[in-house]
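Student: Can you keep this structure in mind? I'll have questions shortly.
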Amino acid sequence: MKYLFVILFITFAFSSCTKDCKECKTVTTDAQGNVVQTSSSNEYCDEDLEKKENEEPVVVGDNTTKWVCE
């Protein structure tokens with residue numbers, strides 16, 4: 001039983017330290033859905049990643065810019 005507790009504790013400790021990261025870039029499309037511009041990718045993790053993924057698209061004229069994370 002003691003070994004089971006130790007194994008569970010170690011598993012929890014390692015899993016809580018992992019970061020949730022993705023490469024994100026901005027993509028601008030026109031009214032027809034054609035890609036007009038793409039920025040270079042940067043890595044975002046945890047809270048910063050969540051902010052990028054939840055950010056609303058920005059519309060300027062016929063162009064829409066949004067974050068794309070992979």
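Student: From the list Glu23, Glu50, exactly one residue is out of contact with any strand residue (DSSP E or B) (no Cβ under 8 Å at 6 or more places or on another chain) and either surrounded by 14 or more Cβ atoms within 10 Å (Cβ to Cβ) or at pLDDT 95 or above (or both). Which is it?
Tutor: Checking each option against the conditions leaves just Glu50.
Student: Please go through the range 28-53 and pick out each residue that is more than 14 Å from Lys66 (Cβ to Cβ), assigned to a strand (DSSP E or B) and without any contact (Cβ under 8 Å) to a residue 24 or more places away in the chain.
Tutor: Hits for the range 28-53 are Asn42, Glu43.
Student: With (1) at pLDDT below 95; (2) surrounded by 12 or more Cβ atoms within 10 Å (Cβ to Cβ) as the list, and Val68 as the residue in question, which single condition is left unmet?
Tutor: Exception for Val68: condition (1).
The values are calculated or read from the model by the stated rules, or taken from the named source; none is laboratory data. Everything numeric here is computed off the predicted structure, so don't read it as measured data. So basically every Cβ, Gly included, is an ideal-geometry build from the backbone, and we count neighbours across all protein chains shown.
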